[in-house]
Amino acid sequence: MDQSSSAVPAPEAAAPAVTQTPHPQVSSSDRVPVLAWVIAAVFVAVELAVSDRYGFLQDELYFIVAGRHLAFGYVDQPPLAPLLTRITDVFGVSPTPIRIVPALAGGAVVVMAARFAALFGAGRFGRVLAALTTACAPVVFALAHLGITESPDLLAWTVVLLCVTTALLRRQPRWWLGAGAAAGAGLEDNNVMLLLLIGLLLGLVCSGQRSVLRTRWPWLGAGLAAVLWAPNVFWQATHRWPQLAMASALHQANSTGSEYIGGLPTQLLYAGLLVVPMVIAGFVRLWQAPDLRFLAVTGTLLVIYVAVWVPGKAYYSEGTCAAVLAAGSVAAERWIARARRPRLRRAIVVAAPVLSMAISLLTVLPVVPVADLHDIPGQDKVTTADTVGWPQLTRAVAAQDAALVRAGQPPTAIFTGNYGEAGTLDVLGPPTTCRPCSPATTPSGCGDLGRPPTARCWRSTRSAGCGRTSRAAACWPPTTPPTTCRTGSPTCRSGSAPARRPAGASYGRA
């Protein structure tokens, strides 16, 4: 990130007779203002209010299926996300239950942004501004909308950074244990947590905080994280480390030329189009403050890693969002205090995140009527196109099954185009629907969750996402699906394979 140009405007020239407004009085307390809690509560309420306007994301469907086959690990992720869907499954199979935890996680991150600002020396306005900018950041309200690995990951990263910062700035070493617990939970959700831990270690080594590594507390926290992570590590070791193959597949799928060009700008824009100056100011402040430089090193290394290795996954650095925006809020508060017209500057910094949210809202959250989706430019396919049409697909497949039954040729297996289609048939399909299997090219472990009940499909080992574990995968090579099962059981018909989600205006919930 270019640190040569600061986003904080120079103080306005003042006549000698005019007395500059002093810096705001900073409270010695780290208390989060009531208004910040209100912002977090509104954030959660909005997320839950729109949680069921469209439908499931394909990853959510897969996690629901995986949650019905609980294990200490899966081909493509650790066990926490499927476990959460299994717990919320008691409230029924609909988008809202599995999105309760993500919404609450997002609200917690909003509150912790205010706490970061307090640790960084902000007054009441700076703390509230940190909560507001975090709640309005597109990356935060988008990830808090979906029951996928990224929402617990966002929370875990924020907790780790907050605990480490509190331990260092407030000389309270027991907070390292909280960081270790959060890191262990984060590792059980997403192995990307390793990036944060490595970045933190390098940040401590390369800053004035390296002396803390000579104490026992960071290592006790690391030991606690290792204990919590151990079950998944054991599973990975006994299944030939499929996550390594998965990481390589993600790199290859998210490293196009256009993604390299847009990787770094996208990371900045995820905080909000009009908030980019505050993000840059936050990084500048973290670099300038010796006691906060470890966060600057950590954040910079993560941004560089994402931009170089997986630019197509720009949100992988989202866990630093709350800390960076909090630092930017401190810089903004001090910029306001230097002005002859502080009310104008205060209005600018408050309006920036709100307007940024308004710009992104229609393309990220499901607020547009389904019939009008194609009229909105720049739609994010993850939160829109990939969350509509699943009930129609299920009905289309069921109709084809019924037609085959009437013809005296009932299908014994269904070959789907991707794991989302397999997941929706498993989750939303009628009990009589055959067990679907997903193509071997899909980077997911759905094919490892069991083979179709009456047919043994060909096993493919050509993919990082299927057939990597000790159990046989129920996948077919996508180019040459078999017409008969190798074991001589009834014909494996792919009569449902042509079914795809309807196009255009027919999208929508049942």
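Scanning the range 49-72 for residues that are of a type outside the set (A, V, I, L, M, F, W, C) and not in a helix (DSSP H, G or I) yields a total of 7. For the range 320-379, residues that are within 30 Å of residue 56 (Cβ to Cβ) and touching a Pro at 6+ places or on another chain (Cβ under 6 Å) total 2. Just one of 347, 358, 332, 351 is assigned to a helix (DSSP H, G or I), among the small types (Gly, Ala, Ser) and surrounded by 15 or more Cβ atoms within 10 Å (Cβ to Cβ); which is it? Exactly one of 347, 358, 332, 351 is assigned to a helix (DSSP H, G or I), among the small types (Gly, Ala, Ser) and surrounded by 15 or more Cβ atoms within 10 Å (Cβ to Cβ), namely 332. A Cβ distance below 7 Å, combined with a sequence gap of six or more or placement on separate chains, defines the contacts here; from the range 155-181, residues that are without any contact (Cβ under 8 Å) to a residue 24 or more places away in the chain reach residues that are of a type in the set (S, T, N, Q) in the pairs 172/166; 175/166.
Would it be correct to say that residue 111 is touching a Pro at 6+ places or on another chain (Cβ under 8 Å), open to solvent by 10 Å² or more (accessible area, probe 1.4 Å) and under 18 Å from residue 325 (Cβ atoms)? It is false that residue 111 is touching a Pro at 6+ places or on another chain (Cβ under 8 Å), open to solvent by 10 Å² or more (accessible area, probe 1.4 Å) and under 18 Å from residue 325 (Cβ atoms). For the range 192-210, filtering for residues that are open to solvent by 60 Å² or more (accessible area, probe 1.4 Å), without any contact (Cβ under 8 Å) to a residue 60 or more places away in the chain and either in contact with a Phe, Trp or Tyr (Cβ under 8 Å, 6 or more places away or on another chain) or not hydrophobic (A, V, I, L, M, F, W, C) (or both) leaves 1.
If you go through the range 251-295, how many residues are at negative phi and not in a helix (DSSP H, G or I)? It would help to see each step written out before you state the result.
If we filter the range 251-295 for residues that are at negative phi, which is where we start, we get 251-271, 273-295.
Pick out the ones that are also not in a helix (DSSP H, G or I) and you get 254-256, 270-271, 289.
Residues flagged as at negative phi and not in a helix (DSSP H, G or I) within the range 251-295 amount to 6.
Counting the residues of the range 211-221 that are open to solvent by 50 Å² or more (accessible area, probe 1.4 Å) and out of contact with any Pro (no Cβ under 7 Å at 6 or more places or on another chain) gives 5.
In the set 136, 163, only one residue is buried (at least 24 other Cβ atoms within 10 Å of the Cβ), on the phi < 0 side of the Ramachandran plot, at pLDDT 95 or above and within 21 Å of the chain's Cα centre (by Cα); that residue is 136. One residue alone among 250, 274 is more than 20 Å from residue 330 (Cα to Cα) and of a type outside the set (Lys, Arg), and that residue is 250.
I'd like to check which helices (runs of 4 or more DSSP H) are fully inside the range 77-141 and have at least 3 residues that are within 29 Å of residue 234 (Cα to Cα), of a type in the set (A, V, I, L, M, F, W, C) and touching a residue at least 40 places away in the same chain (Cβ under 8 Å).
Details: elements: 80-88, 95-98, 100-119, 124-136.
Once the helices (runs of 4 or more DSSP H) in the range 77-141 are filtered for at least 3 residues that are within 29 Å of residue 234 (Cα to Cα), of a type in the set (A, V, I, L, M, F, W, C) and touching a residue at least 40 places away in the same chain (Cβ under 8 Å), what remains is 80-88.
Could you look through the range 281-296, keep only residues that are over 12 Å from residue 326 (Cα atoms) and of a type in the set (D, E, K, R), and pick out the one that is surrounded by the most Cβ atoms within 10 Å (Cβ to Cβ)? Residue satisfying both the conditions and the ranking: 293. Here the condition is being of a type in the set (A, V, I, L, M) and closer than 24 Å to residue 312 by Cβ; of 269, 274, it holds for 269 alone.
Okay, residues lined up against (1) of a type in the set (Gly, Ala, Ser); (2) closer than 19 Å to residue 156 by Cα:
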position: 77; (1), (2): no, yes
position: 88; (1), (2): no, no
position: 107; (1), (2): yes, yes
position: 110; (1), (2): no, yes
position: 118; (1), (2): yes, no
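Taking (1) open to solvent by 40 Å² or more (accessible area, probe 1.4 Å); (2) under 28 Å from residue 199 (Cα atoms) in turn, residue 327 satisfies each apart from (1). The set of residues from the range 29-48 being open to solvent by less than 60 Å² (accessible area, probe 1.4 Å) and in a loop (DSSP other than H, G, I, E, B) comprises 29, 30, 32, 33.
In the range 362-380, the qualifying residues are those that are free of Cβ contacts under 8 Å to residues at least 60 places away in the same chain and assigned to a helix (DSSP H, G or I), and the one that is least open to solvent (accessible area, probe 1.4 Å) is 363.
Being open to solvent by less than 40 Å² (accessible area, probe 1.4 Å) and either closer than 19 Å to residue 385 by Cα or of a type in the set (A, V, I, L, M) (or both) is the filter here; which residues of the range 72-95 pass it?
We begin by selecting, within the range 72-95, every residue open to solvent by less than 40 Å² (accessible area, probe 1.4 Å); these are 73-79, 81-82, 85, 88, 92, 95.
If the condition is that a residue be open to solvent by less than 40 Å² (accessible area, probe 1.4 Å) and either closer than 19 Å to residue 385 by Cα or of a type in the set (A, V, I, L, M) (or both), then 75, 81, 95 are the ones that fit.
The values are calculated or read from the model by the stated rules, or taken from the named source; none is laboratory data. If you're wondering where the values come from, they're calculated on a predicted model, not measured in any experiment. Here the Cβ is made from the backbone with ideal geometry for all residues, glycine too, and neighbour counts use every protein chain on show. These accessible areas exclude ligands, DNA and RNA; they are computed on the full protein's heavy atoms, side chains included. Shrake-Rupley method; radii C 1.70, N 1.55, O 1.52, S 1.80 Å.
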